[in-house]
Amino acid sequence: MQHYVEKDIEKILLSKEQIEKRVAEMGEQISKDYEGKDLIAVAILRGSVIFFSDLMRHISIPMAIDFMAVSSYGSGSETSGSAHIKFDMQEDISGKHLLIVEDIIDSGVTLSNLKEMLKGRTPESIEMCCLLNKPDRRKVEVPVKYIGFDIPDEFVVGYGLDYASKYRNYDCVGVLKREIYE
């Protein structure tokens with residue numbers, strides 16, 4: 001059965017199997033790195049939800065989870081550089097190890113600003129984890145400890161990533177046809 005998304009996809013960048021394998025590897029590494037530590041993993045809504053739910057099933061140590069929704073003001077696809085918290089986490093992160101889980105990092109501006117804001121809450125450490133990294137779009141250097149895949153600067157959807165609130169439920173990551181978003 002063909003998925004509704006496939007007619008709008010130029011090419012599949014990452015298959016379901018590639019994603020599953022890499023997410024399992026990331027979960028194992030996170031488990032080793034945070035063994036014996038008080039870990040809180042925070043998903044940045046909404047794009048990271050699918051990645052986050054799969055990732056946490058591969059983390060074999062005790063951990064708390066939480067969620068945040070963050071937006072950067074600006075028009076179109078460009079960030080303005082300021083981060084605005086639309087929904088804040090409920091957990092107290094003071095003295096704990098915070099792992100921010102994001103679907104994709106491109107410019108780095110919003111996550112850099114978010115990390116600076118969260119430092120004021122005095123966590124023991126703050127690390128970043130993303131499924132997709134677009135290094136060619138970076139405007140601000142953000143140290144990302146766990147990267148699923150480095151990808152080219154193309155418009156991707158699927159596995160949580162959307163365009164116009166569609167395509168999140170596609171189990172692969174695909175490059176969206178240009179005529180769909182232009």
Exercise. Among the residues of the range 59-77, which ones are at pLDDT 85 or above and open to solvent by 60 Å² or more (accessible area, probe 1.4 Å)?
Worked result: 60, 62, 65, 67
For this session: With respect to residue 160, determine if the residue is in contact with a strand residue (DSSP E or B) (Cβ under 8 Å, 6 or more places away or on another chain) and small (Gly, Ala, Ser).
Result: yes
Problem set entry | Meets criteria (closer than 27 Å to residue 6 by Cβ, over 13 Å from the mean Cα position of the chain (by Cα) and not small (Gly, Ala, Ser)) for residue 152 | yes
For this session: Report yes if some residue within the range 93-102 is among the charged types (D, E, K, R) and modelled with pLDDT under 95; otherwise report no.
Result: no
Exercise. In the range 1-45, how many are open to solvent by less than 20 Å² (accessible area, probe 1.4 Å) and either at positive phi or in a loop (DSSP other than H, G, I, E, B) (or both)?
Worked result: 1
Problem set entry | Long-range neighbours under 7 Å by Cβ, at least six apart or interchain, first residue hydroxyl-bearing (Ser, Thr, Tyr) within the range 144-161, second surrounded by fewer than 19 Cβ atoms within 10 Å (Cβ to Cβ) | 146/29; 159/171
Seminar exercise, completed: Scanning the range 117-137 for residues that are charged (D, E, K, R) and under 15 Å from the mean Cα position of the chain (by Cα), the one nearest to residue 94 (Cα to Cα) turns out to be 127
For this session: Report the residue count in the range 46-58 for those that are assigned to a loop (DSSP other than H, G, I, E, B) and surrounded by 19 or more Cβ atoms within 10 Å (Cβ to Cβ).
Result: 2
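The values are calculated or read from the model by the stated rules, or taken from the named source; none is laboratory data. Small disclaimer: the values here were computed from a predicted structure and weren't measured. Methodologically, a virtual Cβ is constructed for each residue, glycine included, from the backbone with ideal geometry; neighbour enumeration extends over all protein chains shown. Calculation scope for accessible area: heavy atoms of the full protein, side chains included, ligands and nucleic acids excluded. Shrake-Rupley method; radii C 1.70, N 1.55, O 1.52, S 1.80 Å.
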